[in-house]
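Worksheet: the structure to be examined is printed underneath.
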Amino acid sequence: MNPVQAPARGAAPVCPIAEIPDGEGRAATIEGRRIAIFRTPAGLYAIDQACPHAGGPLADGIAADCTVICPLHERRYSLSDGSPIGHDGPPVITHGVEVIGGIVHVTIAV
């Protein structure tokens, strides 16, 4: 018999994985912080919802090739480490994400 995996310490349940379609993002509030969660062919990613450039809603951006493009000013960020791609500026903060029993859990970065 396989033991049931427990979420990482401090991980908050967000939603069933089925609620995040492939190639799209969803916004959630965790511990008072707005987070964007993306489902890609490479896996799940969680980043701050607000673009560091002008606060655009990254969950509404276009996700492709493990990146997201902000819908306001087309700034691109890596979903894996939050680094800006093709422009200067601060990175987006990334967070831990895992699926346990079909439920997405996010661990907020400190």
_Here's a check for you: in segment 75-103, which residue that is among the small types (G, A, S) and in contact with a Cys (Cβ under 8 Å, 6 or more places away or on another chain) is surrounded by the most Cβ atoms within 10 Å (Cβ to Cβ)?_
S78
*Go through (1) part of a strand (DSSP E or B); (2) modelled with pLDDT of 95 or more; (3) out of contact with any helix residue (DSSP H, G or I) (no Cβ under 6 Å at 6 or more places or on another chain); (4) farther than 19 Å from G10 by Cβ and name the single condition A59 misses.*
(1)
_Index of the failed condition, V68 passing every other in (1) under 17 Å from V110 (Cα atoms); (2) among the hydrophobic types (A, V, I, L, M, F, W, C); (3) in a strand (DSSP E or B)_ = (1)
*asked:* It is to be established whether one or more residues within segment 80-95 are free of Cβ contacts under 8 Å to residues at least 60 places away in the same chain, of a type in the set (S, T, Y) and under 21 Å from E19 (Cβ atoms).
replied: yes
_Hits in segment 36-58 - residues which are in contact with a Lys or Arg (Cβ under 9 Å, 6 or more places away or on another chain), within 17 Å of P91 (Cβ to Cβ) and surrounded by 14 or more Cβ atoms within 10 Å (Cβ to Cβ)_ = A36, F38, Y45, D48, Q49, A50, C51, P52, H53, G56
*Tell me which of these A18 doesn't satisfy, since it passes every other one: (1) in a loop (DSSP other than H, G, I, E, B); (2) more than 21 Å from I108 (Cβ to Cβ).*
(1)
_Criterion violated by A42 - all others in (1) of a type in the set (G, A, S); (2) out of contact with any helix residue (DSSP H, G or I) (no Cβ under 6 Å at 6 or more places or on another chain); (3) at pLDDT 95 or above satisfied_ = (3)
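The values are calculated or read from the model by the stated rules, or taken from the named source; none is laboratory data. Only a predicted model underlies this, so the values are computations on that prediction, with no experimental measurement involved. As a convention, Cβ positions derive from the backbone with ideal geometry for all residues, glycine included, and neighbour counts pool all protein chains shown.
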